[in-house]
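The values are calculated or read from the model by the stated rules, or taken from the named source; none is laboratory data. Since this is a predicted model, take the numbers as computed values, not measurements. A quick note on method: Cβ atoms are made from the backbone with ideal geometry, for glycine too, and the neighbour counts reach across all protein chains shown. Only protein heavy atoms, including side chains, enter the accessible area calculation; ligands, DNA and RNA are left aside. Shrake-Rupley method; radii C 1.70, N 1.55, O 1.52, S 1.80 Å.
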Amino acid sequence: MTSAQNIPQHVAIIMDGNGRWATARGLSRTEGHRKGAEAARHVVTSAGELGIPYLTLFAFSSENWNRPADEVSDLMSLLRYYLKKETAELHKNGARIRVIGDRAALPLDIVKLIENAESLTRDNAKITVVLALNYGGRQDIVFAAKELARQVKAGETDIARIDENSFSRHMMTGDIPDPDLMIRTSGESRISNFLLWQMAYAELYFTDTLWPDFSKKDLERAVAFFAGRERRYGGISAQSHGVQG
Ligand code: FPP
């Protein structure tokens with residue numbers, strides 16, 4: 001049993017394995033994404049029930065544009081469908097919706113749906129659901145560096161005042177705590193350009209479960225794994241004095 005103090009504050013998930021789930025059933029990859037989107041919807045509910053205040057879902061990476069055009073278009077249609085269908089329900093349940101990533105390359109109607117979802121839900125406090133869309137971790141760092149460079153050039157800040165805190169504030173997650181637990185499904189153990197800066201101290205949890213099969217039980221297992229870790233941030237263990245953390 002995990003106590004409230006062992007509940008991660010921010011869980012970030014790489015939802016992987018939709019294609020393999022579908023192929024194993026003789027279905028199209030799009031069917032896999034459809035089922036994956038349902039799993040995402042359920043995991044938001046489960047995270048709320050477990051008292052996880054921040055949940056980030058990697059829904060579309062900046063590398064996903066390299067997929068066949070019809071698969072990209074199907075993913076965009078799914079996104080459009082869910083933004084239309086779920087925003088009101090999420091709002092009713094106290095969820096704040098945030099989107100990170102470079103939205104300039106997304107279809108304009110989707111950008112409008114995102115803006116609407118963000119502004120409608122901005123004051124909600126039960127759970128913050130962050131969707132990473134056209135997101136890349138290196139791109140996030142480059143954007144922050146560019147903005148700080150611009151501020152220095154404009155005389156708005158000084159190089160000497162740039163530190164880890166100011167850098168963090170300029171990341172796309174500026175007002176969101178760093179993830180303390182990262183989950184990746186489908187047996188892959190890579191970070192794949194997800195929240196590179198933000199995951200410096202995250203516990204990493206990898207499971208063979210394919211994303212469409214990921215259930216509340218799986219989320220509870222990951223949270224139990226997190227609760228069993230001792231977090232030292234480079235310090236020393238409470239039990240083993242003198243051992244380098
Ligand atoms: C990985 O499966 C999943 C993605 C490409 C993105 C996650 C998408 C969803 C959960 C569907 C909902 C998405 C939106 C945009 C609403 P994969 O295709 O890489 O699986 P594979 O590695 O088995 O081929």
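Within the shell of other residues whose beta carbon sits under 11 angstrom from the beta carbon of THR185, the net charge comes to -3, with Lys and Arg scored +1 and Asp and Glu -1. Residues in the chain average 52 Å² of solvent-accessible surface per residue, probe 1.4 Å, ligands and nucleic acids excluded. Of the beta bridges in the chain, as assigned by DSSP with both residues counted there, near 5 percent are antiparallel. Dimensions of region 109-154 based on its C-alpha atoms, expressed as ranges along the principal axes with the largest first, amount to 37, 23, 21 Å. For ARG190, the accessible surface of its heavy atoms amounts to roughly 120 Å² (probe 1.4 Å, protein chains only, rounded to the nearest 10). Per atom type, the chain shows carbon and sulfur on 51% of its accessible surface, probed at 1.4 Å.
Both numbers refer to the Cα atoms of region 149-245; Rg and Dmax are 18.0, 52 Å.
The share of Cα pairs per 5 Å bin across the chain, counted from zero up to the longest distance, runs 1, 6, 12, 16, 19, 17, 13, 7, 5, 2, 1, 0 percent.
Spin-label pair ASN165-LYS217: with each label point 7 Å from Cα along the Cα-Cβ axis, the two points sit 4.6 nm from one another. Between ALA224 and VAL142, the modelled labels are 4.3 nm apart [label points 7 Å from Cα along Cα→Cβ]. Once backbone amide H atoms are built at 1.01 Å from N, ALA59 has ALA132 as its partners under 5 Å, excluding neighbours fewer than 5 places away on the same chain.
Expected output is a single nm value to one decimal: the length gained when fully extending between TRP65 and VAL111, i.e. 0.36 nm times separation in residues minus the C-alpha distance. What is it? Present the calculation step by step, with values, prior to reporting the outcome.
Numbers: separation 46, 0.36 × 46 = 16.56 nm, distance 1.67 nm.
Working it through step by step, the gained length comes to 14.9 nm.
A helix-only calculation puts the chain at -13500 deg cm²/dmol for mean residue ellipticity at 222 nm, using -39500 (n - 2.57) for each DSSP H run of at least four residues, averaged over all residues. When nucleic acids and ligands are ignored and a 1.4 Å probe is applied, SER186 ends up with an accessible area of around 10 Å².
Over region 10-82, with a single point scatterer placed on each C-alpha, what log10 of the ratio I(q)/I(0) does the Debye formula yield at q = 0.17, 0.21 1/Å? Calculated log10 I(q)/I(0) at the listed q: -0.68, -0.97. Can you return the lysines within cross-link range of LYS217? Criterion is Cα-Cα under 18 Å, with same-chain partners fewer than 8 residues away left out. By straight Cα distance, LYS217 reaches LYS35.
Taking the charge dipole of the chain about its Cα centre, with +1 at Lys and Arg Cβ atoms and -1 at Asp and Glu Cβ atoms, the residue from ALA24, GLN9, VAL99 reaching farthest to the positive side is ALA24. The heavy atoms of THR128 offer some 10 square angstrom of accessible surface to a 1.4 angstrom probe. Taking a Cβ cut-off of under 12 Å around LYS153, the surrounding Lys, Arg, Asp and Glu residues balance to a net charge of -1, with basic ones at +1 and acidic ones at -1. Starting from a Cα-only point model with no solvent, please compute log10 I(q)/I(0) by Debye for region 89-197 at q = 0.11, 0.12, 0.18, 0.22 1/Å. The computed values of log10 I(q)/I(0) come out as -0.45, -0.53, -1.07, -1.26.
Counting Lys and Arg as +1 and Asp and Glu as -1, what is the net charge of the other residues whose Cβ lies under 9 Å from the Cβ of THR30? Don't jump to the answer; show the numbers that get you there.
Working: positive: ARG29, ARG34; negative: GLU31, ASP70, GLU71, ASP74.
Here the charged neighbours net out to -2.
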